[in-house]
Every structure is written in C-alpha cells, then in structure tokens.
Amino acid sequence: MTAPRKPQIAPTSNAAPFAIRSERAADVAMREALLDACFGDNRHGRTCQRLRDGRAPAAGLALSAVREGTLVGTVRLWHVSAGGRPALVLGPLAVDPACRELGIGAALMHQALVAARARGHGAVILLGDAPYYARFGFSAKKTGALVLPGPFERDRLLAIEFQTGALDGAEGTIVPTGVALPKRRSVRGLRAQAA
Ligand SMILES: CC(C)(COP(=O)(O)OP(=O)(O)OC[C@H]1O[C@@H](n2cnc3c(N)ncnc32)[C@H](O)[C@@H]1OP(=O)(O)O)[C@@H](O)C(=O)NCCC(=O)NCCS
C-alpha cells in the first residue's frame, strides 16, 4: 500500500496559501460544482469525456487544491491505450476563477506529473491550449497519428513522454482502459424493483 500523499503547501502572493492533496470522496460535490463553473453544463458532451465515462481515475492520480477549507482546483489522470501504447490522459484541469494566476494550476500540474512519473507511467496526453501546457513539457510532436473518439482540434492534442519512445509509433484512436466503475442503478429501476 502506498503511503498517503503529504499535502503540499504553497504560499501565494495573495494572502491564503493553498494545499495540493489526493482527492477525497468528500470533494466530489465541490469538484462537480467547480467543473460546471469552469466548463459549463454541456461539459459531459465533450470528446474527452468519452475517455472518462464509467471509469475510475488512475490510482493516486486524482488531486485537489484546497484553500481555506474550500476546493479551488482539480486535476485527474486516466488510463488509456493510445493506438496500442499504454498512456494516461490528463483532464480536466480546472481552477476556481476567483483563485487564478496564483500558481494553483501549475502546482496541480507539477504534482500530477511527478506522481505519474513516480508510478512508472510512460506518457501523458491531453487536449488543451499549447501555450499553457508547453511550460510543463507538452507538445504535439508525438500525437500527429493519434485521434480522439470524437471531434477535436488537432493542434490541441498534446503529449509528454517520461520514458523516451513511449509514444513512438502510436497511431489510431485513443481509447479508455481504466477500471470500470460499478454501474449505478437508476432511481426508476430501484422503484420498479421495490414495487
Ligand atoms: C488553465 C487554468 C487551469 C490555469 O490555472 P491557474 O491557477 O490560473 O494557472 P497558474 O496560476 O498556474 O498559471 C497562470 C499562467 O498561465 C497562463 N494561462 C492561463 N490559461 C492559459 C491559456 N489558456 N493559454 C495560455 N496561457 C494561459 C496565465 O496567463 C499565466 O501566465 P504567467 O505565468 O505568464 O503570468 C485555469 O485558467 C482554468 O481553470 N481555466 C478554465 C478551465 C481550463 O481551460 N482548463 C484547461 C483545459 S482542461
């Protein structure tokens, strides 16, 4: 069993510090509200969501940023097969609009990438703005022959390798390979059973 992650405390230029720690079950409601605020109600229809639906995030790779007891940031990584190569997909990364430009996004990214590398993963892929993610080492160099299971902008499909060549020859559709979550029974189904 891995030891629980020690929260990382980061002082900010603007009063309250924040901590990065493993996501907890109690974070879920605040995380969902944060994602709605950042990506809107139609976020579940986005192409990357097809890689997350019904799956658990990769072990140890769901992180929360907490400031004054409130969840202000989130990042998760997911197991995928990238044209036959095992990899992780990162996302969503989101920071509370009221807490941006304080380094919280960067701290979440650094901690997530350090943890992914430490766990022996070879590469991380994401769909996002290259000008932001380039600072963490992401580029489109290894993603030219990969596609997502839905519409996406080619220049936003980025990757970083931890093991040189981890994505060499990666070609085809990125598909989810993470642990499947138990199917939730619908309220209607439960009512029918009880009747
Ligand atoms: C992208 C996001 C996570 C950054 O969080 P943050 O805590 O403000 O980021 P940091 O404080 O670590 O970094 C701020 C820096 O990133 C830059 N930046 C932020 N978003 C950017 C973008 N889309 N493109 C280029 N640069 C960006 C800022 O200009 C700032 O630059 P500086 O360091 O030169 O001043 C946050 O803006 C967010 O949640 N956006 C909405 C959701 C989203 O787009 N998520 C990413 C796609 S999954």
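What FRET efficiency comes out for the pair A19/E171, r = Cβ-Cβ distance, R0 = 45 Å, nearest 0.05? Once rounded, the FRET efficiency stands at 0.65.
Counting only other residues whose beta carbon sits under 13 Å from that of P131, what net charge do I get with K and R as +1, D and E as -1? Could you put the intermediate results ahead of the total?
On the way: positive: R135, R156; negative: D129, D155.
Result for the local shell: 0.
Report summary: the helix-based calculation at 222 nm, which adds -39500 (n - 2.57) for every DSSP H run with n ≥ 4 and divides by the residues of the chain, gives -6000 deg cm²/dmol. Counting 0.36 nm for each residue step from A130 to E68 and taking away their Cα separation leaves a gain of 19.2 nm.
Over what distance in Å are the Cα centres of the stretch 104-164 and the stretch 19-88 separated? Measuring centre to centre over Cα atoms gives 15 Å. Excluding the site residues themselves, the longest part of the chain lacking any GluC sites (Glu not before Pro) in a DSSP loop with at most 16 other Cβ atoms within 10 Å is 1-67.
Overall shape of the stretch 85-195 was characterised from the C-alpha gyration tensor. The equivalent ellipsoid obtained from it has semi-axes of 31, 21, 15 Å, in decreasing order.
Please find the FRET efficiency linking S139 to R50, where r is the Cβ-Cβ separation and R0 is fixed at 30 Å, and quote it to the nearest 0.05. Given R0 = 30 Å and the Cβ-Cβ separation, E is 0.80. Looking at the calculated P(r) for the stretch 19-177, what percent of the C-alpha pair distances fall above 25 Å? Beyond 25 Å sits 25 percent of the P(r) for the stretch 19-177. Here the extension length gained between A29 and N42 equals 3.0 nm, from 0.36 nm per residue of separation less the Cα-Cα distance.
Taking 0.36 nm per residue of sequence separation and removing the Cα-Cα distance, the E101/V147 pair yields an extension gain of 13.4 nm. Amide H to amide H, with H built 1.01 Å from N, T173 comes under 5 Å of G83, V147, counting only residues 5 or more places away or on other chains. Summing charges over all other residues whose Cβ lies under 15 Å from the Cβ of G169, with Lys and Arg as +1 and Asp and Glu as -1, gives 0. Helix by helix, which DSSP H runs in the chain go 18 Å or more along their axis at the Cα atoms and have an average Kyte-Doolittle hydropathy of -0.5 or more? Sorted by number, the helices that extend far enough and score high enough are 104-118.
Values in this text are rule-based calculations from the coordinates and carry no lab data. Model, not experiment: these values are computed from the prediction. No Cβ is skipped: glycine too gets one built from the backbone with ideal geometry, and neighbour counts run over all protein chains shown.
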